[in-house]
Structures are given as C-alpha cells and as structure tokens.
C-alpha cells in the first residue's frame with residue numbers, strides 16, 4: 001500500500017478481477033445458453049473425433065470410446081438445456097417449427113451415430129490392429145450421414161428459420 005492510498009481502497013489491489021464476478025451475473029438464461037452451446041461443442045467434437053476413424057487415420061477402439069462419451073455428454077446436454085431454454089424464453093414455444101426440426105434432427109443424428117458406432121465396434125472386433133474393410137465402409141457411411149445431419153442441426157439452431 002502506498003502512503004497516498006487510503007486504507008479503505010487497499011482491498012481493491014487484492015480483490016478478484018471484475019470478469020470473475022461476471023460469471024455470477026449471467027442469470028439463468030445466460031447459464032442455460034452457455035451450457036447448451038458448450039454441449040453443442042461436444043457434439044461437434046464427436047464428429048471430428050469420429051472422422052479420424054472414418055478416414056482410416058486410426059483403428060484404436062479408445063478413440064471410439066472417447067467419441068461415444070462426447071456424444072453422450074453433448075447429446076444429453078443439448079437436449080436438456082435446449083428444451084429448458086425453449087420453455088424458459090417467453091418468445092419460444094416447444095412446438096415452434098425450428099425447435100421441432102432441431103429435435104427431429106437430433107434424434108436422427110443420434111440414431112445414425114449409434115449405427116456407426118455399432119459398425120465400427122464390429123469392424124474393430126478382429127483385434128489384429130486393423131479394421132474389417134466392409135464394416136468400416138458401412139460405419140463411415142453412417143458417420144458421414146450423421147455429420148451432414150449435425151451440420152443441418154447447427155444451421156437450424158443458428159438461423160432459427162420461422163422464428
């Protein structure tokens with residue numbers, strides 16, 4: 001503390017920065033939106049990680065496990081926080097066209113992802129460090145279809161057609 005600084009202001013030098021307090025002032029809407037978008041990043045990360053399998057860059061089953069965990073977290077998070085946002089925000093209704101479209105796309109992407117994962121598990125079950133080419137091609141097809149659906153889902157969520 002300098003000699004010219006009043007004692008009652010000395011605490012400011014040791015106080016947490018203002019940006020720390022912003023996290024507490026987001027409010028419920030801010031937190032719901034943050035968690036929804038964070039979960040969406042997890043879904044996109046799933047597509048990226050799964051692409052390593054689809055492109056044949058790895059045959060490690062642990063990559064498939066990481067991808068499955070990311071989808072579980074992201075899928076559940078986007079669904080829960082997205083529906084919560086739709087119910088919380090007064091301008092939105094759960095039956096709005098873009099929300100229904102997002103829910104349908106989410107369900108389609110989940111189904112395609114489950115099919116791709118099942119195919120990859122079958123392809124990698126040989127245990128020789130290589131994947132069965134036929135099963136891997138089938139799994140890659142389902143993965144790329146899911147990637148297109150996830151892209152469509154992101155477009156719907158960003159542009160909210162009809163809202």
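State whether the residues of region 102-114 include one that is assigned to a loop (DSSP other than H, G, I, E, B) and over 19 Å from residue 49 (Cα atoms). Among the residues of region 102-114, not one is assigned to a loop (DSSP other than H, G, I, E, B) and over 19 Å from residue 49 (Cα atoms), which makes the answer no. Checking each residue in region 76-92 for being touching a helix residue (DSSP H, G or I) at 6+ places or on another chain (Cβ under 6 Å) and part of a helix (DSSP H, G or I) picks out 77, 78, 81, 82, 84, 85, 86. May I ask you to list pairs of residues, at least six apart or on different chains, whose Cβ atoms are under 8 Å apart, with the first in region 140-162 being loosely packed, with under 15 Cβ neighbours inside 10 Å and the second being part of a loop (DSSP other than H, G, I, E, B)? What qualifies is 162/96. What's the number of the condition residue 83 fails, among (1) over 20 Å from the mean Cα position of the chain (by Cα); (2) free of Cβ contacts under 8 Å to residues at least 24 places away in the same chain? Result: residue 83 passes all but (1).
From 71, 21, 11, 31, which residue is farther than 17 Å from residue 110 by Cβ and at pLDDT 90 or above? After ruling out the rest, the residue left standing is 31. For region 56-75, what are the residues that are surrounded by fewer than 17 Cβ atoms within 10 Å (Cβ to Cβ), in a loop (DSSP other than H, G, I, E, B) and touching a residue at least 60 places away in the same chain (Cβ under 8 Å)? 56, the sole residue that qualifies.
If you go through region 104-139 and keep only what is loosely packed, with under 15 Cβ neighbours inside 10 Å and closer than 19 Å to residue 162 by Cβ, you end up with just 104.
The values are calculated or read from the model by the stated rules, or taken from the named source; none is laboratory data. Since the model is a prediction, treat every value here as computed from it, not as a measurement. Cβ: placed from backbone, ideal geometry, glycine included. Neighbour counts: every protein chain shown.
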